[in-house]
Amino acid sequence: MQKNMTPPFKVGKPVEDEYFINRESELKEILQNISAKNNISLLGLRRIGKTSILFRIINSLRTQKHKIPVYINCYGIPELRRFSELFIDSVRNSY
């Protein structure tokens, strides 16, 4: 094995563009469910790519008329009051 080999995957933050691979069928299925106004849930182990696919969906929806995606990161929200503030700010900023 080569000592200075660069890993082929990005880790630590959501991936974009050429690093977003092998999720096209999942992306298509989620977008179809959103278009059909179905509720969906995205579940998986840590660091498996949930946030990456979510950001890809948000970017795709922003190009469509009459769809305003709202992203809320609930990690570390200690109380309902803080969540409420975050929710209102996120919705307002999405418009």
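For the chain, the longest principal axis of the Cα atoms and the long axis of helix 80-94 meet at an angle of about 80 degrees.
When shorter helices are ignored and each DSSP H run of at least 4 residues is given -39500 (n - 2.57), the per-residue value for the chain at 222 nm works out to -13500 deg cm²/dmol. Using only the alpha carbon atoms of the chain, find the Kirkwood hydrodynamic radius as the inverse mean reciprocal pair distance, in angstroms to one decimal. Hydrodynamic radius (Kirkwood, Cα pairs) of the chain is 15.7 Å. A 1.4 Å probe over all protein chains sorts F20, F55 by accessible area into F55, F20, starting with the largest. As a rough guide to protection, the peptides 33-44, 56-67 ranked by mean Cβ packing within 10 Å, highest first, stand as 56-67, 33-44. Label point 7 Å out from I40 along Cα-to-Cβ: which residues of region 54-87 have amide N under 18 Å? Output list for this probe position: 54-73. Here region 45-61 is scanned for amide nitrogen atoms under 11 Å from the site 7 Å beyond the Cα of L27 along Cα-to-Cβ, giving 53-61.
Take the chain with all the other protein chains still there, run a 1.4 Å probe, and you get 90 Å² of accessible area per residue.
The values are calculated or read from the model by the stated rules, or taken from the named source; none is laboratory data. This is a predicted model, so every value here is computed, not measured. Backbone-built Cβ (ideal geometry, glycine too); neighbour counts: all protein chains shown. Heads up: the accessible areas ignore ligands, DNA and RNA and are worked out on the full protein's heavy atoms, side chains in. Shrake-Rupley method; radii C 1.70, N 1.55, O 1.52, S 1.80 Å.
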